[in-house]
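Here is the structure we will look at, set down as structure tokens.
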Amino acid sequence: MRQPQCGAVSTLAHEPETQGSGLRVGPLWLRGFIHDSGPAVILLQPWYPTKVLIAHERIPHSSVELRGISCSTGPALHFCYEGCGGELGGTSTDPATLAAAGTPVQTIQLGAPGDYTGYMLFTARGKYQLSAARAGKPVGEVIVLVRRH
């Protein structure tokens with residue numbers, strides 16, 4: 001397992017299209033943070049998947065792969081969008097089930113209408129590195145802090 005060199009927690013930014021805020025990762029905007037400004041902090045509810053909305057720029061015939069990794073322990077973060085909502089759908093489950101569910105890579109079709117609603121399956125508190133790549137080339141990287149309160 002590769003352990004990333006994680007730096008400071010990324011700062012939320014103003015999202016021009018929605019007049020809201022979020023965290024920009026290349027052509028993606030992540031929403032679901034506990035504040036509208038400042039550091040990117042996500043609230044962990046132990047035993048539950050964490051709802052995070054993924055909005056994206058409209059780029060025809062293009063896709064981005066989103067990946068995540070725990071900064072402290074190294075395992076891949078799993079994503080539960082498209083098709084596994086019924087599998088977990090906001091239900092209580094143990095960390096081992098969360099770690100095994102979903103997929104370690106979430107592909108976002110940039111030309112498709114609408115946002116991606118689903119879950120990031122954080123299993124513990126701490127920093128996580130999220131990175132996006134298009135056609136195998138990095139297009140963005142951020143650090144989020146997952147905490148309990």
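The values are calculated or read from the model by the stated rules, or taken from the named source; none is laboratory data. Remember, predicted model here, so these are calculated numbers, not experimental data. Note: accessible area is taken over every heavy atom of the protein model, side chains too, but ligands, DNA and RNA are not part of it. Shrake-Rupley method; radii C 1.70, N 1.55, O 1.52, S 1.80 Å.
Across all Cα pairs in region 48-149, the calculated P(r) in 10 Å bins from zero up to the longest distance comes to 15, 47, 31, 6, 0 percent per bin. Rolling a 1.4 Å probe over the protein heavy atoms of the chain, with every protein chain left in place, gives an accessible area that is 52 percent carbon and sulfur. For residue 48, the residues whose amide H sits under 5 Å from its own are 93, ignoring neighbours fewer than 5 places away on the same chain, with H placed 1.01 Å from N. Amide H contacts of residue 115: none lie under 5 Å away among residues 5 or more positions distant or on a separate chain (H built 1.01 Å from N in the peptide plane; Pro and chain starts excluded). Across region 11-61, Cα-Cα distances exceeding 16 Å account for 42% of all pairs. With all protein chains kept in place, the per residue accessible area of region 3-149 amounts to 50 square angstrom at a probe of 1.4 angstrom.
Between residue 57 and residue 94, residue separation times 0.36 nm minus the direct Cα-Cα distance comes to 9.9 nm. The order of 149, 78 by accessible area, most exposed first and with a 1.4 Å probe, is 149, 78.
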